[in-house]
Amino acid sequence: MRDATRVARAGLPPASQGEPFLPGPTFASTYHLKGEPATSQYTYGRYHNPTWTLFEEAVGELEGGHSVVFSSGMAAVMAVFGTALRANGRGNVLVMPSDGYYTARMLASGYLSQSGVEVRSAPTAGSAQLEKLDGASLVWIETPSNPSLEVCDLSKLIKAAHDKGALVAVDNTTATFLGQKPLELGADFSVSSDSKTLTGHSDLTLGHVATREQSWRDALRAFRTQQGSVPGPFEVWLAHRSIATLSLRFERQCGNATRVAQFLAGRPEVKLVRYPGLPSDPSYEVASHQMKGFGPIVSFVLASKETADRFLESCRLVLSSTSFGGVHTTAERRARWGGDAIPEGFIRLSAGCEDIEDILEDIAQALDRLAK
């Protein structure tokens, strides 16, 4: 079965006369429970929920393993840190990308470092983390990186980490499991902020971790239960419903992102364009080898903070907003948040599902206004 068909049908219960394709959310903190708890699949709302079950079956199937859903992407990140680091008897050494998602880096350099974890950092480009693997417990990879869109060689880095005895987790948020499948490439964990492209409607906060090993799934579930980072059933149901259109959305977004990147590359106002799907991009060779789709994000640089702000103010269809992956095209001057080594005029654009000619016309008129 091909990905588009699997995405549309993943996690649906067997067809039953008179029943809906996807049952509605189960709102329950308490379940009927007589006798021993082990005799019932559901006992208490912090432990499990039928709506979670269907979503986790869907995502696990699409990732190529087992999945556990969390209340946010960062809750999913923390669950991997909390289980993988304490489980490795070789010491707590975490290798992180120095250009990865800012909040994950802050969690590592702040809370984890203060808790006794040794945190080492290296850039994503050139698979520079290879130089930091000796004695590592967990290697955290993000490719393409957010927001700079650097790409590392997943297969090479995963094999090298495993040869050194380290576990490997891949933040796959920007690519999704349609763009690349970390578990198939050997990763121990595939992590995603499902608030973004996976669900794609800018209306919920959610995350998941997928793993091939049932023992890791069980450990992640236990961490979720003990930490209390549980999602609401309605959000999970919305996410499951939204996954059905992911293939359609992702194909359109990748196509639109490619057209935007090509257009920006030909504009004199643009100092730099990064998109792994451009043959001229430094990451193209590695990305084209390991990715089936290059994602919705295009990053580019304008001359200054003021120029970038004027561009965004002039856009009529491209909405100024943080986050990415939704059906609406959005953009922001990413340096306004701080924490990333990027120019002040750096813009992260997330291509949506609109007609690409309308988006290109909007970008063109906004760039034209910079000369006035």
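Nothing in this text is a laboratory measurement; each read-out follows from the coordinates by a stated rule. Note that the structure is a prediction, hence the values are computed from the model and not measured. Positions of Cβ are generated from backbone atoms using ideal geometry, with glycine treated the same way; all protein chains shown enter the neighbour counts.
Descriptive notes on the structure:
- Per-pair calculated FRET efficiency, R0 = 30 Å: Gln41 and Ala15 via Cβ, rounded to 0.05: 0.90
- When the alpha carbon gyration tensor of segment 246-369 is reduced to an equivalent ellipsoid, its three semi-axes come out at 21, 17, 14 angstrom, largest first.
- The HN-Hα couplings worked out from phi for segment 291-296 by the Karplus form 6.51 cos²θ - 1.76 cosθ + 1.60 (θ = phi - 60°) are 10, 8, x, 9, x, x Hz, whole numbers, x standing for Gly and Pro.
- Neighbourhood charge, 9 Å Cβ-Cβ cut-off, centred on Gly11 and excluding it, Lys, Arg +1 and Asp, Glu -1: -2
- Cβ-based net charge around Thr51, under 12 Å, with every Lys or Arg adding one and every Asp or Glu removing one: -2
- Exposure proxy shown here: for Tyr275, Tyr111, the number of other Cβ atoms within 10 Å sets the order, fewest to most, as Tyr111, Tyr275.
- By other beta-carbon atoms within 10 Å, ranking Leu278, Leu138, Leu349 with the fewest at the front produces Leu278, Leu138, Leu349.
- Relative contact order computed over segment 3-243 (Cα-Cα under 8 Å; 6+ residues apart), in percent: 24 percent
- In the chain, the calculated helix contribution to ellipticity at 222 nm averages -10500 deg cm²/dmol per residue, counting -39,500 (n - 2.57) for every DSSP H run with n ≥ 4.
- Ratio of Rg to Rh for the chain: 0.98 [Cα atoms; Kirkwood radius as inverse mean 1/r over pairs].
- Spatially close lysines, pair count over the chain: Cα under 15 Å, gap of eight or more or interchain: 7
- Total formal charge among the other residues, if their Cβ is under 10 angstrom from that of Ile297, Lys/Arg +1 and Asp/Glu -1: +3
- Theoretical gain in end-to-end length, His328 to Lys305 [0.36 nm per residue, Cα-Cα removed]: 5.9 nm
- FRET efficiency, 1/(1 + (r/R0)^6) with R0 22 Å, evaluated for Ala4 and His289 via beta carbons: 0.50
- Note on Glu36, Glu332, Glu361, Glu19: ascending count of other Cβ atoms within 10 Å places them as Glu36, Glu19, Glu361, Glu332, the fewest first.
- Working from label points 7 Å from Cα in the Cα-to-Cβ sense, the Ser29 to Arg259 distance is 4.9 nm.
- Descending by average beta-carbon neighbour count within 10 Å, the peptides 49-60, 141-152, 4-15, 117-128 line up as 141-152, 49-60, 117-128, 4-15, the highest first.
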